[in-house]
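Quick notes on the structure that follows.
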Amino acid sequence: MNVFVIVGKDDNPIYQAAFISQPKGSTELCHLHQFLIHAALDCTDEQVWTTNSLFLRAVDFFHEMHTSAYVTPGHCRFMMLHDQPKIEDNLKNFFLEAHELYLKVILNPFYEPNTPITSPAFDAKIRALGKKYLS
Amino acid sequence: MIGRSERMCSAACLELMHAEMVSYFLSARETRESAQKEMERLGFRVGQKLAERYTKDYGRITEPMEVLRFIFSDFWPVVFSKPPDSLTTNNNSLYYIEDTDFRWTSKISVTSRTTLEDASYFLTFPCGIVKGAFAALDVDADVKADFQETPSRCLFTIIFKGKAIPTR
């Protein structure tokens, strides 16, 4: 179970993708995932200035679910909620490629930064990345 | 690098389009101030996106001075085709970047009818770009530019807002 959320500068969610291998649980689980990710934002903001690397390993931990973060130099946060602590390297590669895709979206002149990303092509590519690195 | 190979843009194309843009805004807006504001706003958005793109492999930038260094040594050469010539300060939150051969304006000719002041509208968009780049990296700075005697020599003044000595 992995949930990927891109959070903008005003703590607004810009994009969300859930890579869930088991059948969909109740909607309560979805709310819990969102809640955990947003709760991890504070921890992320604390850890951001402690390192020069863009990839912050596990920033938060709750009930066997880890949150990892990757913060772009423009302070856009990529958060991943996952339950397997051993996929750090895969996560890093996932985040790097997601960053490239995000940059391509930003360079689109019709896209206003800090607004939700609705491009189906972006969504398809992120899901392909998820299949490649997270399963 | 984004994309399969390094894509270049024709410099002549860029200069001509920039000239058309300045001409369009000066004629389409009622006052010169609103035209300048609009061009600066456009430059701001472009600068934000360019800064995001060029800091991709840079790592975290934690100090405003590092942002300034990034703008001076990495951002400027890529956006304005050549590195700037000098960076000076008055030690009180004012920084000056001088470019003695600013490509975007070096071909403007100044006559008795078209003065340097008229040509200064060509610096609004580049100022916006630099300002947007600072803003994307979380530094609140105002950027103004002037010509030093000829349209090739430009002095960009960067005013860091907030505390006198920028610290995070």
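Return the calculated 222 nm mean residue ellipticity for chain A, to the nearest 500 deg cm²/dmol, obtained by summing -39500 (n - 2.57) across DSSP H runs with n ≥ 4 and dividing by the residue count.
About -14000 deg cm²/dmol.
Tally Lys/Arg at +1 and Asp/Glu at -1 over every other residue whose Cβ is under 14 Å from the Cβ of B:LEU116; what's the total?
-2
Ignoring ligands and nucleic acids, what accessible area does B:ARG32 show with a 1.4 Å probe (Å², nearest 10)?
Counting only protein heavy atoms, B:ARG32 exposes about 110 Å² to solvent.
What residue among A:ASN12, A:ASN52, A:ASN114 has the largest mean-square fluctuation in a Gaussian network model of chain A, using Cα springs under 10 Å?
Result for chain A, Cα springs under 10 Å: A:ASN52 fluctuates most.
Any chance you could count the Lys pairs in segment A:2-134 whose alpha carbons are under 21 Å apart, treating pairs 8 or more apart or on different chains as valid?
Step by step, the pairs that qualify in segment A:2-134 add up to 12.
Using only atoms on other chains, find how many Cβ atoms lie within 10 Å of each Cβ of peptide A:68-75 and report the average.
What the average comes to for A:68-75 is 5.
Let me confirm one metric for peptide B:51-60, namely the mean number of other chain beta-carbon atoms within 10 Å of its residues' beta-carbons.
Mean shielding by partner chains, rounded to a whole number: 6.
Check which residues have an amide H placed less than 5 Å from B:ALA145's amide H, if you skip close sequence neighbours.
Placed amide hydrogens put B:THR157 under 5 Å from B:ALA145.
Keeping every protein chain present and rolling a 1.4 Å probe, give me the accessible area per residue for the protein assembly as shown in Å².
Heavy-atom SASA per residue in the protein assembly as shown reads 53 Å².
Let me check something: with ligands and nucleic acids excluded, how do B:ARG53, A:ARG127 order by accessible area (1.4 Å probe), largest to smallest?
The most accessible residue leads, giving A:ARG127, B:ARG53.
If ligands, DNA and RNA are left out, what is the accessible area of B:LYS144 with a 1.4 Å probe, given in Å² to the nearest 10?
Using a 1.4 Å probe on the heavy atoms, I get roughly 100 Å².
Could you order A:HIS99, A:HIS38, A:HIS63 so the one with the most accessible surface comes first? Probe is 1.4 Å.
Ranking A:HIS99, A:HIS38, A:HIS63 by accessible area, largest first, yields A:HIS63, A:HIS38, A:HIS99.
Using only alpha carbon pairs under 8 Å that are at least six residues apart, calculate the relative contact order of chain A and give it in whole percent.
27 percent
Please give every one of the lysines within straight-line cross-link reach of B:LYS82, meaning a C-alpha to C-alpha distance under 19 Å, and leave out same-chain neighbours fewer than 8 residues apart.
B:LYS107, B:LYS131
Between A:GLN34, A:GLN16, A:GLN47, which gets the highest mean-square fluctuation from a Gaussian network model of chain A, Cα cutoff 10 Å?
A:GLN47
Ignoring ligands and nucleic acids, what accessible area does A:ASP42 show with a 1.4 Å probe (Å², nearest 10)?
The accessible area of A:ASP42 comes to roughly 110 Å².
Classify segment B:11-160 as rounded, prolate or oblate, taking a ≥ b ≥ c as the square roots of the eigenvalues of its Cα gyration tensor: rounded when a/c is under 1.5, otherwise prolate if a/b is larger than b/c and oblate if not.
prolate
From the square roots a ≥ b ≥ c of the eigenvalues of the alpha-carbon gyration tensor of the protein assembly as shown, which class results: rounded (a/c under 1.5), prolate (a/b over b/c), or oblate?
prolate
Connecting C-alpha atoms closer than 10 Å in a GNM of chain B, tell me which of B:VAL67, B:VAL110, B:VAL46 has the biggest fluctuation.
Comparing B:VAL67, B:VAL110, B:VAL46 in a Gaussian network model of chain B, the most mobile one is B:VAL110.
Return the sequence-ordered ³J(HN,Hα) values of segment B:110-123 in whole Hz as given by the Karplus equation 6.51 cos²θ - 1.76 cosθ + 1.60 applied to θ = phi - 60°, using x for Gly and Pro.
9, 10, 5, 8, 10, 8, 4, 5, 4, 5, 5, 5, 6, 9
For chain A, rounded, prolate or oblate, judged on the Cα gyration tensor with a ≥ b ≥ c (square roots of eigenvalues), a/c < 1.5 rounded, else prolate if a/b > b/c?
Rounded.
The values are calculated or read from the model by the stated rules, or taken from the named source; none is laboratory data. These numbers were taken from a predicted model, which means no experiment stands behind them. Because the Cβ atoms are built from the backbone with ideal geometry, glycine has one as well, and the counts that use them run over all protein chains shown. These area figures cover heavy atoms from the full protein model, side chains too; ligands, DNA and RNA do not enter into them. Shrake-Rupley method; radii C 1.70, N 1.55, O 1.52, S 1.80 Å.
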